[in-house]
1. Out of curiosity, is Arg84 over 19 Å from Val8 (Cβ atoms), touching a Ser or Thr at 6+ places or on another chain (Cβ under 9 Å) and free of Cβ contacts under 8 Å to residues at least 24 places away in the same chain?
2. In the range 123-141, which residues are part of a strand (DSSP E or B) and polar (S, T, N, Q)?
3. Six or more apart or on different chains, Cβ under 7 Å: which pairs go from a residue in the range 158-186 that's assigned to a helix (DSSP H, G or I) to one that's open to solvent by less than 40 Å² (accessible area, probe 1.4 Å) and of a type outside the set (S, T, N, Q)? Could you list them?
4. Does Pro136 meet the test of being modelled with pLDDT of 95 or more and either in contact with a Cys (Cβ under 7 Å, 6 or more places away or on another chain) or farther than 21 Å from Ala55 by Cβ (or both)?
5. From Leu39, Leu46, which residue is closer than 18 Å to Leu130 by Cα, more than 13 Å from the chain's Cα centre (by Cα) and among the aliphatic types (A, V, I, L, M)?
6. Please pick out the residue among Ala110, Ala152, Ala72, Ala131 that is farther than 19 Å from Gly27 by Cβ, aliphatic (A, V, I, L, M), open to solvent by less than 10 Å² (accessible area, probe 1.4 Å) and at pLDDT below 95.
7. Give Val83, Val63 a once-over and let me know the one that is under 28 Å from Tyr184 (Cβ atoms), β-branched (Val, Ile, Thr) and modelled with pLDDT of 95 or more.
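The values are calculated or read from the model by the stated rules, or taken from the named source; none is laboratory data. Here the structure is a predicted model, which is why all the values come from computation and not from measurement. Please note: Cβ atoms are built from the backbone with ideal geometry, for glycine as well, and neighbour counts cover all protein chains shown. Accessible surface is based on the protein model in full, side chains and every heavy atom, while ligands, DNA and RNA are left aside. Shrake-Rupley method; radii C 1.70, N 1.55, O 1.52, S 1.80 Å.
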Amino acid sequence: MSDDHTHVQEFFGARAADWDSRFPDDGPTYAAAVAELGLRAGDRVLDAGCGTGRALPPLRAAVGRSGVVVGADLTPAMLEAAVRAGRGRDGCLLLADVAALPLRSESLDAVFAAGLIAHLPQPEENLRELARVVRPGGSLALFHPIGRAALAARQGRQITPDDLRAEPNLGPLLAGSGWLMTSYADEDACFLALAVRES
């Protein structure tokens, strides 16, 4: 396992048990971001880096019982917390690295990724892997329940020009990974960038 993976697992593993209680008011923001994906009944969607599975209930509601919802995460403790919260009922939970997904090419309609991009060791390659598993014309939502400035303030740091989520950086990064960014919003209450998988 790479050092990046070990660091991510240690960071999130230590916080998994109380993760949801630290952010109890994020539910409506998750639901609104999922709605922006425009999912339909029967769609197949991946929650990449699903953590405790907070997006799984709105994803399931969007695709209905005929759809497929998969939550993939690298940290066993986060998936265990998702099961304890009952979110395993809303989707199949998978211990997997989003850099090497055990999914067929073009097998999904969409990917939802909350808070993921900052933890990707090789963002362009990793976003290309997400594009691999999505059909042409499928969607990607890069989401965070608070905006870049609010997150930086929470963490006691400044926003830097090299922030991957900054619009001038994110657009070219997505384009180099097989995605076309279609909308971008960065407000205190939410960060959401939507993209479409190119042919």
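1. yes
2. Result: Ser139, single match.
3. From the range 158-186, the pairs are Asn169/Asp163; Leu170/Ala193; Leu173/Pro123; Leu173/Leu127; Leu174/Leu127; Leu174/Ala195.
4. In short, yes.
5. One residue alone meets the criteria, Leu39.
6. Ala152
7. Step by step, each of Val83, Val63 is checked, and only Val63 is under 28 Å from Tyr184 (Cβ atoms), β-branched (Val, Ile, Thr) and modelled with pLDDT of 95 or more.
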